[in-house]
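Read through the structure below, which is laid out as structure tokens, and then see the notes.
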Amino acid sequence: MTKYTVRKYQKSDYTTWNAFIAQAKNATFLFHRDFMEYHADRFEDFSLLVFENQKVKAVLPLNKQGNLLYSHQGLTYGGLVYEGSTKLASVIEIFKAILFFLNENEFEKLHYKTIPSIYHLQPAEEILYSLFLAEAKLVRRDSLSVIDLSQEKNISKIRKRGFQKAISNQLIIKEENDFESFWNEVLIPNLAHKHQAKPVHSIVEMNQLKAHFPNNIYQFNVYAADKIVAGTTIFETETVAHCQYISKNEKRDNLGSLDYLFQYLIQERFAGKRFFDFGISNENQGKNLNEGLSYWKESFGAGTIIHDFYEVETANYSKLETVFI
């Protein structure tokens, strides 16, 4: 038996969910329902709330496919969200209650992705220990290229040369309120040409998200003689400035555009953040590394933070019943 009760999220929980997210120690704006639901037509939500005596103690953003559950596939990262005062033993009990609930509802496995530590407001890796106890299987590992902005920057000479080249080319950086020019003139053509892919977000979706989260989502473009040549879309959380998209005009790649842009973002615009996250350089579920892309990020002074993905049998709730001594 457990003191925690678990149930599926309902639309009537909107205010309760968002209020909990706002004060949790390991949540970001990506877990706000307005962000989670911008693509509700693509994912069947099966998010969970965990209660103790009618009070929310944790939430878990999920979606379902058949009899499988996933840490919400519409989010870059995701996992169990809980309060700053939540103790390790409580997280173990909460996770046990969740696995039991899922097992009772005939879900065989939970595909769980973590929240990288740089996004935590306080140390919040209790769930990693809980996953270990439940004999969760590590199925994917991505590498984030991250700069600790509280430390001295170690920028390579080649990046500095690119910065000087951009100055000589009289490039201009603009913070924009819309995404049309970057999407249509740089990002979409590049993804189509290099990867036969499209951006995860459409222009309409980005404008919608920007309207909901004006203090978290930003677009920066670089121009040469009024022609856009590069840009990046930044998702800002309390601790991190994260690059959601980075792209440049490949036909004009000798201008130093990205060196100039990221010098500004790292040294000035987001210098007050704790971390600057370039994102991953991985493909094939983390099993391949784009070495050139990784090196480019590291040449700004970035190091590696790991983002893990697990698979856990819901029947393994029983393995959490004999933990405490």
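The values are calculated or read from the model by the stated rules, or taken from the named source; none is laboratory data. On a predicted model such as this, the values are computed, not experimentally measured, just so you know. Glycine gets a Cβ as well: all are built from the backbone with ideal geometry, and neighbour counts include every protein chain shown. What goes into the accessible areas is simple: the full protein's heavy atoms, side chains included, and nothing from ligands, DNA or RNA. Shrake-Rupley method; radii C 1.70, N 1.55, O 1.52, S 1.80 Å.
List of remarks:
- Relative to one another, the C-alpha centroids of segment 117-187 and segment 199-233 are positioned 16 Å apart.
- Segment 151-273 shape via C-alpha gyration tensor axes, a/c threshold 1.5: oblate
- Sorting 39, 195, 120 by accessible area puts them as 195, 120, 39; the probe is 1.4 Å, largest comes first, and only protein heavy atoms count.
- Net charge in the neighbourhood of residue 156 (other residues with Cβ under 13 Å of its Cβ; Lys, Arg +1, Asp, Glu -1) is +4.
- In this entry, segment 38-125 is assigned a mean projected area of 6.4 nm², taken as a quarter of its C-alpha convex hull surface.
- Within straight-line cross-link reach of residue 3, lysines at Cα separation under 16 Å, skipping those fewer than 8 residues along the same chain: 55, 57, 87, 96
- Efficiency of FRET from Cβ geometry, residue 203 and residue 7, R₀ 45 Å, rounded to 0.05: 0.80
- Virtual paramagnetic centre 7 Å along Cα→Cβ of residue 267, amide N under 13 Å, in segment 225-260: 259-260
- Here is the P(r) of segment 237-325: all C-alpha pair distances, binned every 5 Å from 0, give 2, 9, 17, 19, 14, 11, 7, 7, 5, 4, 3, 1, 0 in whole percents.
- Taking only protein heavy atoms and a 1.4 Å probe, the accessible area of segment 32-161 is 46% carbon and sulfur.
- Partners of residue 174 within straight-line reach, counting aspartates and glutamates whose Cα lies under 13 Å from its Cα and excluding those fewer than 8 residues away in the same chain: 226.
- Average accessible surface area per residue within the chain, 1.4 Å rolling probe, Å²: 48
- Cα centroid of segment 1-53 to Cα centroid of segment 277-323, whole Å: 24
- Rounded if a/c under 1.5, otherwise prolate or oblate - segment 141-180, Cα gyration tensor axes: oblate
- Surrounding net charge for residue 68, when Lys and Arg each add one and Asp and Glu each subtract one, Cβ distance under 12 Å: -3
- Cβ-Cβ FRET estimate between residue 133 and residue 18, R0 fixed at 30 Å, reported to 0.05: 0.50
- Per-selection Kirkwood Rh - segment 74-171 (Cα, Å, 1 d.p.): 17.2
- Nearest-0.05 FRET efficiency for residue 151 and residue 196, computed from C-beta distance (R0 35 Å): 0.35
- Test item: Cα-centred dipole of the chain, Lys/Arg +1 and Asp/Glu -1 on Cβ, debye: 600
- For the chain, the ratio of Cα radius of gyration to the globular rule of thumb 2.2 N^0.38 Å stands at 1.06.
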